[in-house]
Amino acid sequence: MTWRDTFWTAMDAVRSHRLRSSLTMLGILIGITAVVLTVGIGQGAQATVRDQINELGTNLLVVSPGSSTSSTGVRGGFGTVTTLTQADAAALTSNVAAPDVEAISPVSTTSAELVNASTGANWTTTLTGTTPNWQTTRSRGAVLGRFISAADQRNAAPVVVLGGVTVTQLFGSTDPLGSSVTYNGVKLQVIGVLQNLSSAEQAASNDLAIVPISTYAQRLVGGVSRNSVSSIYVKATSAGTLSAAYQETNALLLNTHHVATASSADFSIATQQSILAASNTVDNTLTVMLAGIAVISLLVGGIGVMNIMLVSVTERIREIGVRKAIGASPSDIRRQFLVEASVLGLAGGLLGVAVGILGAVLIPQFSDQRVILSIPASIGAIVIAIGIGVVFGVYPASRAARLAPIDALRSE
Amino acid sequence: MSTSDDVTSPAIVELIDVEKVYRSGELEVAALRGVSLRVDENEYLAIVGPSGSGKSTLMHILGCLDVPTSGIFRIIGHDAQSLDEDVLARIRNAFIGFVFQQFNLLAHLTALQNVALPLVYAGVDPDERRARAIAALDKVTLADRAEHRPGELSGGQQQRVAVARALISEPAMILADEPTGNLDSAAAADVLELLEQLNADGRTLVVITHERDVAARAKRTIEIRDGRVWDPEDHDVGALDTGALR
């Protein structure tokens, strides 16, 4: 018997038992859909994180205040002390000590209630004092008006650049440029609106008010900590010089802080790579978990195929007998049942990929989850589906093949 | 003891002292208790006997559907016990055509596909299969029913389709197990005429039946009782040998 005849014989059997065939395929379909969507969601999540990090600014180092040990031996934890100052930021601008640093921007933040000077609308947001270089380090500028300038910084000008969300809250749909907001009685003129970040997780990044760091320190926030900064963004000249920039920043700050050993540094430096690695670890855990679910669904689907094929062997015992009587060899019968199982697997796999693609189109409509379809994963899923058909078809097929023709014919 | 070695014309099948015992758990049932039989080329043989006599078991062994528990069974010169399942399948495919009481057509295939099925297992290409299946259906005057499924045909028509399936591979022997058992007398006469035509064309025809008038048409009749060949002239059935059967 030729393979082509075997295939069409199997197809006839699949077609003549439509309901049974479709229910069998359903098991495989669910498993394959799960595989396709698992991979798609995993890749979508990774892409989202990658985009977020790219939006944060490329080749970026973030220096944060760290633990400190006072002269009397009292140690403070991360963030409890304000060990980073504007002087540190100024030192990092040196082309000699830090040649691989393209730009730096110190950032000071506090939670602040801003009030629309004409309407009285108020909104609590993150007040951020920084320098014009923030645009470079964060790869982000103003879409309306302008960003803070060097002159604003020099003069400690009472100007503010607002995030998109903040503008909506304070001004509604009216044009905010030229209007004023007040903070603690200090009037700040709105000179620009920040470019919005696209990813939904960045909503907080669209709700902020940026003022020159000189204005922040001299006019808005008083006290002893006014010259300390919450963090310093350091942008390396390129991705290749990021680790050199890291070394330079580290050495320079250790030196200016008079710290002898790196392990007792009173600051910490995070790179985009370390953030990326951390989020990838989370993603991978999620992917492994989802893949586990997918594998279980596929296993259940496979057992479904085996179950149906075994029922099919029992149900068609007479057909097998007739086929053997007119000359089918055991291997003809075995192949017929194996091909039948693989056809069910293949059809289930193709439908599963189709449903997976449909899901990939629909899921982003109803949630923020991105789904990126992978062609190799889809092809792999179809191969797995056929494989499941074959593997779980072997036992029923060999049972069918072993039936003595006479026992098969005699059954009613 | 005489065997086929000294006989000039070749036997299609030959049984020497064949026994068949069915076991189901503790219970042993001897269906055949030492049957010796020889069927020659172009014979027309009827095997008769009451139900439970072992004639169906004998037919299954003749058709290579079952193997003897003991004794020798030769088919076209080969000892069947030494042949594996694949060879037996090829023998059934090429040398034997079966006609069953229950027709045993595949319900989801058309008459044409049913008739062509032995050629599928013989590896004949589709065009030739189709041509030969149409010719075979024509021989049983059912060419106009080629695309009908068995459920759409009368019993007599179904059995004629089964005859077409049995003759399509031009086998040396046709084995018919109660071929008229489920048919009315007119349809039965049609089917018997078709089978006898095949015999007239040079094929061996073995008909198993419990109907005396069907058996009477055969050129030779043997009767099976209690798993043995019953010789009306010698009631000492255990003493039979192959010579007595000739």
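The values are calculated or read from the model by the stated rules, or taken from the named source; none is laboratory data. Quantities reported herein were computed from a predicted structural model and do not represent experimental measurements. With ideal geometry, Cβ positions are generated from the backbone for all residues, glycine too; neighbour counts draw on all protein chains shown.
Residue count for the stretch A:137-173 satisfying the condition of being surrounded by fewer than 18 Cβ atoms within 10 Å (Cβ to Cβ), out of contact with any helix residue (DSSP H, G or I) (no Cβ under 9 Å at 6 or more places or on another chain) and modelled with pLDDT under 85: 1. Quick one: is A:Ala291 assigned to a helix (DSSP H, G or I) and among the hydrophobic types (A, V, I, L, M, F, W, C)? The answer is yes for A:Ala291. Here is a check on your reading of the model: is A:Gln195 free of Cβ contacts under 8 Å to residues at least 60 places away in the same chain, surrounded by 15 or more Cβ atoms within 10 Å (Cβ to Cβ) and within 38 Å of the chain's Cα centre (by Cα)? Here the answer is yes, as A:Gln195 does meet what is asked. The single residue among B:Arg74, B:Arg130 that is over 23 Å from B:Ala11 (Cα atoms), surrounded by fewer than 24 Cβ atoms within 10 Å (Cβ to Cβ) and more than 8 Å from every other protein chain (Cβ to nearest Cβ) turns out to be B:Arg130. One residue is enough: does the stretch A:305-314 have a residue meeting the conditions over 48 Å from the mean Cα position of the chain (by Cα) and either within 11 Å of chain B (Cβ to nearest Cβ) or farther than 11 Å from A:Ala10 by Cβ (or both)? Scanning the stretch A:305-314 turns up at least one residue that is over 48 Å from the mean Cα position of the chain (by Cα) and either within 11 Å of chain B (Cβ to nearest Cβ) or farther than 11 Å from A:Ala10 by Cβ (or both).
Looking across A:Ile382, A:Ile406, one residue alone is within 14 Å of another protein chain (Cβ to nearest Cβ), of a type in the set (Val, Ile, Thr) and touching a residue at least 60 places away in the same chain (Cβ under 8 Å). It is A:Ile406. The single residue among B:Ala135, B:Ala143 that is surrounded by fewer than 16 Cβ atoms within 10 Å (Cβ to Cβ) and without any contact (Cβ under 8 Å) to a residue 24 or more places away in the chain turns out to be B:Ala135. Screening B:Arg38, B:Arg92 for residues that are basic (Lys, Arg) and within 25 Å of A:Glu319 (Cα to Cα) leaves exactly one candidate, B:Arg92.
How many of the residues in the stretch A:337-385 are within 24 Å of A:Leu310 (Cβ to Cβ) and among the hydroxyl-bearing types (Ser, Thr, Tyr)? So the answer is 1.
Of the helices (runs of 4 or more DSSP H) lying entirely inside the stretch A:76-193, those containing at least 3 residues that are closer than 30 Å to A:Asp51 by Cβ and assigned by TED's automatic domain parsing to the domain that holds A:Leu253 span A:134-137, A:164-171. Within the stretch A:141-177, the set of residues being acidic (Asp, Glu) and free of Cβ contacts under 8 Å to residues at least 40 places away in the same chain comprises A:Asp175 only. For the stretch A:258-277, the candidate set comprises residues that are in contact with a helix residue (DSSP H, G or I) (Cβ under 9 Å, 6 or more places away or on another chain) and of a type outside the set (Val, Ile, Thr); within that set, the residue that is surrounded by the fewest Cβ atoms within 10 Å (Cβ to Cβ) is A:Ala260. Comparison of B:Gly25, B:Gly54, B:Gly63 shows that the only residue that is within 17 Å of the chain's Cα centre (by Cα) and either away from every other protein chain (no Cβ under 14 Å) or under 22 Å from A:Ala400 (Cα atoms) (or both) is B:Gly63. In this structure, B:Val39 does not satisfy being at pLDDT 85 or above and over 21 Å from B:Val206 (Cα atoms).
Scoring B:Asp84 on the criteria (1) within 11 Å of chain A (Cβ to nearest Cβ); (2) touching a residue at least 12 places away in the same chain (Cβ under 8 Å); (3) not basic (Lys, Arg) leaves a single failure, condition (2). When B:Gly49, B:Gly71, B:Gly25, B:Gly77 are screened for being on the phi > 0 side of the Ramachandran plot and at pLDDT 90 or above, only B:Gly71 passes.
Going by the structure shown, is A:Arg219 under 25 Å from A:Phe267 (Cβ atoms) and among the basic types (Lys, Arg)? So A:Arg219 does not fit the description; no. Only residues that are in a loop (DSSP other than H, G, I, E, B), surrounded by 15 or more Cβ atoms within 10 Å (Cβ to Cβ) and not polar (S, T, N, Q) were counted in the stretch B:176-209, giving 5.
The set of residues in the stretch B:92-122 that are in contact with a strand residue (DSSP E or B) (Cβ under 6 Å, 6 or more places away or on another chain) and among the hydrophobic types (A, V, I, L, M, F, W, C) comprises B:Ile96, B:Phe98, B:Val99, B:Phe100.
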